1. Six or more apart or on different chains, Cβ under 8 Å: which pairs go from a residue in the stretch 1-26 that's closer than 19 Å to Glu37 by Cβ to one that's of a type in the set (Val, Ile, Thr) and not in a loop (DSSP other than H, G, I, E, B)? Could you list them?
2. Identify, from the list Lys33, Lys16, Lys70, Lys22, the residue that is of a type outside the set (Gly, Ala, Ser) and exposed (fewer than 10 other Cβ atoms within 10 Å of the Cβ).
3. Just to be sure before I move on: is Gln30 of a type in the set (S, T, N, Q) and more than 30 Å from Leu5 (Cβ to Cβ) in the structure I sent?
4. Leu58 versus (1) surrounded by 10 or more Cβ atoms within 10 Å (Cβ to Cβ); (2) under 30 Å from Pro2 (Cβ atoms): which is the lone unmet condition?
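None of the figures in this text is laboratory data; all of them are computed from the coordinates on show. Quick caveat, the model's predicted, so the values are computed rather than measured. We place every Cβ from the backbone using ideal geometry, glycine too, and count neighbours over all the protein chains shown.
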Amino acid sequence: MPNVLIRDISSATLDKLKTAAKKRNRSLQQELKELIEHTAQHAAADVVGTAMAIREKLRKKQIRHSDSGKLLREDRNR
């Protein structure tokens, strides 16, 4: 399995990661591996692709949605 080396991480960041790992009863390596794998699985491209697919489905239904910005302004002005 490949290895990854991260250099020049701040002490504050490292302390936060160590604390998070300790809370989850994991080693720092296990915590970092979990974070990296989770991030890779939920990459921004997947989110954008999903949003575009939902937008396309809504377009096909030809439903007109109100302007949420206008509704928010009206609500705030009450």
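1. Listed pairs, sorted by first residue: Val4/Ile36.
2. Lys70
3. So Gln30 does not fit the description; no.
4. Answer for Leu58: the failing condition is (2).
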